[in-house]
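Engineer: Below is one structure. I have some questions about it.
What follows is calculated from the coordinates using simple rules that are stated; it is not laboratory data. Because the structure is a prediction, the values reported are computed rather than measured. Glycine also receives a Cβ, built like all others from the backbone with ideal geometry; neighbour counts cover every protein chain displayed.
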Amino acid sequence: MPEIIVGTGLEKGLFELVEIIEHQLGKSQGVPRKIVAQADTVVLTAERPGFDGHFERITLRVEASESTAAALRGIAAESPGSCSIEEDGDALVMHCPPVGSQPDDKSREAAEKLNATLDMPEVWHVHGEDYRVEPISTELLFQAMVQYRASDIHLSPGESPVFRVDGQTCHSEILGPLSSVQIRDLIRRIAAPTYWQEFVERKQTSFNFHQVGIGYSRVSAFLKGGAPHCTMRFLPEVVPSFDDLDIPSDTMTRMANLHHGLVLITGMTGSGKTTTAAAIIDYINAHKTFHIITIENPVEYVHSNKHSIISQRSLGTDVLSFSDAVSGALRHDPDVILIGEMRDPDTIRSAINAAATGHLVISTLHSNTACEVVNRVVSFFDPIERDLVRLQLRDCVRAIICQRLVPKVGGGRVPALEILFNDIKPINDGIVAGDTDAIRIGMQQTVGASFLFESYLYKMFKKGSISLDDAKLFSTDQSIFDQMYMGTYSVPRLDSLRAQQA
């Protein structure tokens with residue numbers, strides 16, 4: 001067990017001192033039945049029979065002066081049934097109560113007298129022993145995620161499992177407070193040897209785990225304060241359809257039917273990008289006779305062959321980097337390539353090249369709006385390369401989806417979408433110029449198929465799916481939503497932008 005250092009302060013009662021140490025250990029390692037705290041001249045051991053309640057047995061090993069040793073022996077002599085003392089070399093070892101005796105109030109009183117006699121330190125090096133060790137049931141965790149409709153579960157030492165439901169975290173008592181021993185054991189059991197070794201050596205890892213008959217999970221394991229922590233994102237065994245996700249089937253089908261080009265699915269962390277990408281891949285799988293290659297870190301939704309052939313590759317296990325995997329994929333006779341995330345210039349170059357050579361490339365990216373995605377992609381490159389990258393994006397980008405999860409009336413959450421279709425010249429020109437405002441104005445033109453968050457949120461509000469307050473809250477520009485709500489919205493003219501630029 002990792003050692004922690006605790007500053008307890010001076011002049012504390014012995015059992016108050018133990019409670020402080022227990023609390024600090026509990027936050028970092030879980031609840032122990034035994035505490036060992038060591039300073040320069042004192043070793044304090046506290047034990048109890050269970051994982052709650054007071055520590056009943058105290059042992060002090062002290063290197064004391066002759067006068068202090070005499071005082072300690074006097075206290076032991078006054079309470080022979082409550083305290084015992086023995087010599088161990090130059091140190092005294094005191095047991096309250098004596099070994100083999102039952103603890104009682106008198107043994108607590110004797111321990112406090114010993115404490116008052118000693119000049120106790122204020123800084124301790126502490127570790128715990130006898131933590132909970134019973135294995136955590138993965139089936140129970142998955143069943144709970146399904147029951148609570150949770151997207152994620154967090155496992156931390158000293159805490160009961162924490163579920164994320166509709167974007168909010170909530171504690172559950174399906175298990176008591178967990179120990180670092182239990183969490184480390186869980187990670188070891190569910191991780192393949194490669195990922196367990198990565199966790200041991202690099203202090204973090206991410207992998208996919210399948211609970212047969214219930215679902216999959218993307219597991220992320222890491223250390224905090226030397227103790228293991230684990231998060232698990234729930235993924236159903238059956239990939240949800242567009243209708244299941246409550247997103248417009250005709251629009252998404254249009255994207256899935258593209259033969260080449262780049263489709264980016266964007267949004268903030270936890271906005272459902274991976275699920276939307278999986279739904280598009282599943283539609284292609286069910287309706288096309290293609291070869292689909294996915295490159296993920298790790299593989300999340302697991303697809304089986306339908307009309308298409310699907311090859312799912314996991315970073316680290318099947319290939320060393322996204323860029324290597326995309327470059328290699330071009331030699332594997334692909335029609336569609338899914339890249340789990342575009343996170344570096346080499347991967348983006350490979351994706352653009354694949355899209356330019358006649359393949360449909362689908363990937364995800366972190367972004368708050370669709371119109372700012374071009375500049376976000378370009379920002380990965382050195383200034384000397386950026387003009388060329390904008391030209392390449394103009395030619396290969398077919399659509400950019402941005403999504404936000406909005407609280408649904410009656411409970412749950414529903415995706416709100418903003419989609420940029422690169423189908424009109426103003427958007428083409430905005431991409432080349434890297435002009436976010438021009439792209440946003442182009443997205444509002446009725447001759448194109450693009451639409452903003454505000455128009456989608458307004459339709460959701462009119463349908464009764466979301467509240468007015470949430471529709472305003474999740475708008476990028478609330479003034480545009482207010483104009484739509486009041487019926488005063490008009491599509492901005494392109495020449496108004498040119499006038500501003502002049």
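Engineer: Expressed as a rounded percentage, what relative contact order does segment 348-502 have, with Cα pairs under 8 Å and six or more residues apart? Don't jump to the answer; show the numbers that get you there.
Structural biologist: On the way: 189 pairs, mean separation 28.4, N = 155.
Here the relative contact order equals 18 percent.
Engineer: While we're looking at this one, here's another question. Using only Cα atoms and rounding to the nearest 10 degrees, what angle (0 to 90) does helix 66-78 make with the longest principal axis of the chain?
Structural biologist: Roughly 80 degrees between the two axes.
Engineer: Along Cα→Cβ, 7 Å out, is where each label goes; now give me the distance between the ones at V447 and D185 in nm to one decimal.
Structural biologist: 6.8
Engineer: Let me ask something else about it. Have a look at G9, L262, L468 and report the one farthest towards the positive end of the charge dipole of the chain, computed about the Cα centre with Cβ charges (Lys/Arg +1, Asp/Glu -1).
Structural biologist: L262
Engineer: Which order results if M252, M232 are arranged by neighbouring Cβ count within 10 Å, fewest first? Can you show the working numbers first?
Structural biologist: Numbers: M252 22, M232 25.
Exposure proxy ranking, most exposed first: M252, M232.
Engineer: Compute, for the chain, the length of the dipole vector about the Cα centre, with Cβ point charges of +1 (Lys, Arg) and -1 (Asp, Glu) only. Units Debye, rounded to 20. Write down the numbers at each step before the final one.
Structural biologist: Values: 46 positive and 64 negative charges, 466 e Å.
So the magnitude is around 2240 debye.
Engineer: While we're on this one: Angle between the Cα long axis of helix 138-148 and the longest principal axis of the chain, 0 to 90 degrees, nearest 10?
Structural biologist: Helix 138-148 sits at roughly 60 degrees to that axis.
Engineer: Measuring from label point to label point, each 7 Å out along Cα→Cβ, what is the L10 to D318 span in nm?
Structural biologist: 6.5
Engineer: Take V99, V165 and order them by how many other Cβ atoms sit within 10 Å, fewest up front.
Structural biologist: Details: V99 9, V165 17.
Listed from fewest to most nearby Cβ atoms, that is V99, V165.
Engineer: Something else: State to the nearest 20 debye the size of the charge dipole of segment 300-433 about its Cα centre, where the only charges are +1 on K and R beta carbons and -1 on D and E beta carbons. Don't jump to the answer; show the numbers that get you there.
Structural biologist: Values: 14 positive and 16 negative charges, 92 e Å.
Roughly 440 debye for segment 300-433.
Engineer: Can I ask one more? Students often get this wrong, so try it: which of [x] 35, 27, 22; [y] 61, 25, 22; [z] 49, 24, 21 is semi-axes √(5λ) of the Cα gyration tensor in Å as calculated from the structure shown?
Structural biologist: Computed from the coordinates, semi-axes √(5λ) of the Cα gyration tensor in Å corresponds to [y].
Engineer: Below 8 Å between Cα atoms, with a sequence gap of 6+, how large is the relative contact order for segment 4-131 in percent?
Structural biologist: On the way: 230 pairs, mean separation 44.7, N = 128.
35 percent.
Engineer: I've got another one for you. Go through K408/K462; K288/K463; K408/K459; K288/K408 and tell me which ones have a Cα-Cα distance over 23 Å in this structure.
Structural biologist: Working: K408/K462 13 Å; K288/K463 33 Å; K408/K459 13 Å; K288/K408 34 Å.
Table pairs above 23 Å Cα-Cα are K288/K463; K288/K408.
Engineer: Could you tell me the calculated FRET efficiency between E129 and D387, based on Cβ-Cβ distance and R0 = 51 angstrom, to the nearest 0.05?
Structural biologist: Numbers: r = 63 Å, r/R0 = 1.24.
The pair E129/D387 has a calculated efficiency of 0.20.
Engineer: Per-residue ellipticity at 222 nm for the chain, helices alone: DSSP H runs ≥ 4 residues times -39500 (n - 2.57), over residue total, nearest 500 deg cm²/dmol? Before the final figure, lay out the partial values.
Structural biologist: Numbers: 19 runs with 188 residues, N = 502.
Helix contribution divided over all residues of the chain: -11000 deg cm²/dmol.
Engineer: Along the charge dipole of segment 119-171, Cβ charges K/R +1 and D/E -1, which of Y148, H127, T138 sits furthest on the positive end?
Structural biologist: About the Cα centre, the residue reaching furthest to the positive side is Y148.
Engineer: Please list 393-404, 464-475 highest first by mean number of surrounding beta-carbon atoms within 10 Å per residue. Don't jump to the answer; show the numbers that get you there.
Structural biologist: On the way: 393-404: 22.7, 464-475: 17.2.
Highest mean packing first, the order is 393-404, 464-475.
Engineer: Working from Cα positions, state the angle (0 to 90°, nearest 10) between the long axis of helix 193-202 and the longest principal axis of the chain.
Structural biologist: Value to nearest ten degrees: 70.
Engineer: Let me ask something additional. I need to check one value: relative contact order of segment 138-236, counting alpha carbon pairs closer than 8 Å and at least 6 residues apart, in percent.
Structural biologist: Numbers: 181 pairs, mean separation 26.3, N = 99.
It rounds to 27 percent for segment 138-236.
Engineer: Mind ranking 257-265, 315-323 by how tightly packed they are, going by the mean number of other C-beta atoms within 10 angstrom, highest first?
Structural biologist: Values: 257-265: 19.8, 315-323: 16.9.
Highest mean packing first, the order is 257-265, 315-323.
Engineer: Right, something else. Explain nothing, just compute: Karplus ³J(HN,Hα) = 6.51 cos²θ - 1.76 cosθ + 1.60, θ = phi - 60°, for every residue of segment 395-408 in order, whole Hz, x for Gly and Pro.
Structural biologist: 7, 10, 6, 9, 7, 10, 9, 10, 9, 9, 8, 10, x, 9
Engineer: Please give every one of the lysines within straight-line cross-link reach of K203, meaning a C-alpha to C-alpha distance under 24 Å, and leave out same-chain neighbours fewer than 8 residues apart.
Structural biologist: K27, K224
Engineer: Subtract the Cα-Cα distance of A71 and S379 from 0.36 nm times their separation in residues, and report this length gain in nm to one decimal. Intermediate values should be presented prior to the final figure.
Structural biologist: Details: separation 308, 0.36 × 308 = 110.88 nm, distance 7.24 nm.
Gain on stretching A71 to S379: 103.6 nm.
Engineer: Would you grab the residues whose amide H sits under 5 Å from the one on Q312? Only those 5+ places off in sequence or on another chain, please, with H modelled 1.01 Å from N.
Structural biologist: Amide H to amide H, under 5 Å and 5 or more residues apart or across chains, Q312 pairs with T294.
Engineer: How would V18, V133, V43 line up from fewest to most surrounding beta-carbon atoms within 10 angstrom? Don't skip to the answer; put the middle values down first.
Structural biologist: Numbers: V18 22, V133 9, V43 17.
By the 10 Å Cβ count, ascending, the order reads V133, V43, V18.
Engineer: What per residue convex hull volume, in Å³, do the alpha-carbon atoms of segment 242-452 yield?
Structural biologist: Numbers: hull volume 25.3 nm³, N = 211.
Dividing the Cα hull volume of segment 242-452 by its residues yields 120 Å³.
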